[in-house]
Amino acid sequence: MLKSGNKHHKVYTQEIIYIKSLKDYIKIHIKNEKHIVAKYKIGDIENKLKDKQFLRIHRSYIININKITAFIINEIEVDSVEILIGISYREKAIDFLNKIIDS
């Protein structure tokens, strides 16, 4: 459950495409072009999703690894949205992507 304003939204992790940081808020993009803005820091939500199917690829982005549709060395496409891989996250992201290629 995520609180956004006065509402509590039930969000299933498998429906999340990616999460974008907006300073002290996050914008969660879910399927069907919907999104929810909630007052969380991206680091806090990253810790909650740590053992799930998510990967932080930029200081402002966490992606659902099951929604990856394509990638190149410095960019990942999730559900036709291209997101740059941050320099400090590149090694971890490339290691993960190499595992996808090898499997």
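The values are calculated or read from the model by the stated rules, or taken from the named source; none is laboratory data. Here the structure is a predicted model, which is why all the values come from computation and not from measurement. Virtual Cβ from ideal backbone geometry, glycine too; neighbours counted across all protein chains shown. Quick note on the areas: whole protein, heavy atoms, side chains included, nothing else; ligands and nucleic acids left out. Shrake-Rupley method; radii C 1.70, N 1.55, O 1.52, S 1.80 Å.
Would you mind telling me the share, in percent, of accessible area of segment 11-103 contributed by carbon and sulfur at probe 1.4 angstrom? Numbers along the way, then the final one.
Numbers: 2860 of 5970 Å².
C and S atoms contribute 48 percent here.
Ignoring everything except DSSP H segments at least 4 long, calculate the 222 nm mean residue ellipticity for the chain; use -39,500 (n - 2.57) per segment, divide by total residues, nearest 500.
Numbers: 2 runs with 20 residues, N = 103.
Computed ellipticity for the chain at 222 nm equals -5500 deg cm²/dmol.
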Point-to-point label distance, HIS35-SER80, nm (Cα→Cβ direction, 7 Å offset): 1.6
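What FRET efficiency, computed as 1/(1 + (r/R0)^6) with R0 = 22 Å and r the Cβ-Cβ distance, is obtained for GLN14 and PHE96, rounded to the nearest 0.05?
Details: r = 18 Å, r/R0 = 0.84.
So the FRET efficiency works out to roughly 0.75.
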HN-Hα J in Hz across segment 16-28 - Karplus 6.51, -1.76, 1.60, θ = phi - 60°, x for Gly and Pro: 6, 8, 7, 10, 10, 7, 10, 6, 8, 10, 10, 10, 9
Residue-normalised accessible area of the chain, expressed per residue, 1.4 Å probe, Å²: 67
Value of relative contact order over the chain, rounded to a whole percent, pairs C-alpha under 8 Å and six or more apart: 19
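Please identify every one of the GluC sites (Glu not before Pro) in segment 31-89 that sits in a loop by DSSP and has no more than 13 other beta carbons within 10 Å of its own beta carbon.
Working: sites: GLU33, GLU46, GLU75, GLU77, GLU82; in loops: GLU33.
Answer by residue number: GLU33.
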Computed FRET value (nearest 0.05) for ASP24 with SER88, which takes r as the C-beta separation and R₀ as 25 Å: 0.75
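What's the Cα-based Rg to Rh of the chain, Rh via Kirkwood?
Working: Rg = 13.4 Å, Rh = 13.9 Å.
Ratio value, two decimals: 0.96.
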